1. Strictly over 23 Å apart at the Cα level, which of A:LYS98/B:LYS70; A:LYS42/B:LYS9; A:LYS2/B:LYS57; A:LYS45/A:LYS79 would you flag in this model?
2. In whole percent, and with a 1.4 Å probe on the protein chains, what portion of the accessible area of the protein assembly as shown is carbon and sulfur?
3. In the P(r) worked out for the stretch B:18-114, what percent of Cα pairs fall beyond 18 Å?
4. Using the Cα centre of the protein assembly as shown as the reference point, and only Cβ charges (+1 on K/R, -1 on D/E), how large is the resulting charge dipole? Debye, rounded to the nearest 20.
5. How much space per residue, in cubic angstrom, does the convex hull of the C-alpha atoms of the protein assembly as shown take up?
6. How many square angstrom of accessible surface are buried between A and B, both sides summed, with a 1.4 Å probe and rounding to 100?
7. What distance in nm separates the two pseudo spin-label positions at A:ASP77 and A:ALA108, each 7 Å out from Cα along the beta-carbon direction?
8. Given a 1.4 Å probe and the protein chains all in place, what does the accessible area of A:CYS40 round to, in Å² to the nearest 10?
Amino acid sequence: RKEVEQDPGPFNVPEGATVAFNCTYSNSASQSFFWYRQDCRKEPKLLMSVYSSGNEDGRFTAQLNRASQYISLLIRDSKLSDSATYLCVVRVSGGYNKLIFGAGTRLAVHP
Amino acid sequence: NAGVTQTPKFRVLKTGQSMTLLCAQDMNHEYMYWYRQDPGMGLRLIHYSVGEGTTAKGEVPDGYNVSRLKKQNFLLGLESAAPSQTSVYFCASSPPRRGDQPQHFGDGTRLSIL
């Protein structure tokens, strides 16, 4: 079983739609949680951190449920520019900022 | 504002050849990492370094060696390239403090082994 699991998609949605991505992690020692965005053939870039209380950044809302070991990302009012792969990332205990990456969920927003 | 720079961007090798990928960062980060990314899989850690002169194995270290002779540089070597090493390689760096420290990535090296 993968340590971080995501639905690979693709999610094909029209502009303006709301879309939600889910992620589960298996390591109960996980300490921090993130969503990264990766455009086609580009490097991953941090989209947002995920906090237990839930957090929002513009059209993006992230939620964390530690009891269920579940993370979500909600994108409202999708834009064409949101088309990318979204990586669920978990930082686990260890002395070197160790990150475990999910394989990503691909989002395609169409006109 | 260079951040993390990887060279080369693309390379094609024949089986058995050797090569070195260079990663350079100008953010004075202590920690550096080498990952590979394959279709349908998340980034997997090959080797990492927590400071100049130190390196350690990650999840998939076999067939690779690394060196961190200078704080700003982290080199990844393939001693005898194999087709299974065809992948996209990403270097990353981060500061050492605990907490939500993101890793900063280079833009990748696409390596094909024939």
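The values are calculated or read from the model by the stated rules, or taken from the named source; none is laboratory data. Please read these numbers as outputs of a predicted model, since none were measured by experiment. Heads up, the Cβs are rebuilt from the backbone with ideal geometry, glycines too, and the neighbour counts pull from every protein chain shown. Just the protein is used for accessible areas: all its heavy atoms, side chains included, with ligands, DNA and RNA removed. Shrake-Rupley method; radii C 1.70, N 1.55, O 1.52, S 1.80 Å.
1. Details: A:LYS98/B:LYS70 21 Å; A:LYS42/B:LYS9 11 Å; A:LYS2/B:LYS57 20 Å; A:LYS45/A:LYS79 18 Å.
From A:LYS98/B:LYS70; A:LYS42/B:LYS9; A:LYS2/B:LYS57; A:LYS45/A:LYS79, over 23 Å: none.
2. Numbers: 5260 of 10580 Å².
Roughly 50 percent of what the probe reaches on the protein assembly as shown is carbon or sulfur.
3. Numbers: 1918 of 4656 pairs.
When every Cα pair of the stretch B:18-114 is considered, 41 percent fall beyond 18 Å.
4. Numbers: 25 positive and 19 negative charges, 69 e Å.
Using Cβ point charges on Lys, Arg, Asp and Glu, the protein assembly as shown gives about 340 debye.
5. On the way: hull volume 28.4 nm³, N = 225.
Each residue corresponds to 126 Å³ of Cα convex hull volume.
6. Numbers: alone 6130 and 6280 Å², together 10580 Å².
Between A and B, the summed buried area is about 1800 Å².
7. 2.6
8. That residue has around 110 Å² of solvent-accessible surface.
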